[in-house]
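Read the structure below first, then the notes.
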Amino acid sequence: MGSEAQPSAGRPVRDLVREVVVGLAPDELPLLEGLLELDDATAVRRVQAHGQRRDPLGFGVGEAAVLVTPVIWVALDQAARRYGEMAADGVWRRSSAALGRLFRRNGPPATVPPLTREQLGEVRSMVLETAGQRGLSARRAEDLANAVVAGLLLSEPSEPAGPSDPGVGGPDSPAIGAPAAD
């Protein structure tokens, strides 16, 4: 039996979206529950389409009408695509895609793999940018970005961090929650 290292499963986007919505926007749970019944690709298309509509009622309803669920889902989907592709083995990705087409099934749920501090900062920036594009206030955007990063940090296995992260852990693990490279 080979000792091939398998990439960490990471954190499913939908789980993190649910966690943040429960904490910061529980009034959006009915919307979220409807989205969770869909596959990830369809849910992302729906929340992206929602964000493209401007004032559907014909008058400004302000911040009260801006939903956080689409902001979180879109930003985390972008992170999962960006960092998941970097973490996934090309052969495994191609095999999974071929099997998915063969059986006409949707792909596995989008997941955000364990991230470095720099990548967590980039995810935070993605949330802030998406929130700004969707019309959230700067304060609300900060709250969302902080909740997303906290969710990613708390979901990671507690392994020591590398030397570039002084005061956080030991020298053997350069990424938060990621196995050390050999």
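Each reported figure results from applying straightforward, stated rules to the coordinates on display, with no laboratory input. Quantities reported herein were computed from a predicted structural model and do not represent experimental measurements. Don't worry about glycine lacking a Cβ; one is built from the backbone with ideal geometry, like all the others, and counts go over all protein chains shown.
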Query raised in the report: Sequence-distant or interchain residues sharing an amide H contact under 5 Å with residue 11, placed H: which?
Result: 112
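Can you work out the FRET efficiency for the pair residue 41 and residue 118, with r the C-beta to C-beta distance and R0 = 41 Å, to the nearest 0.05?
0.90
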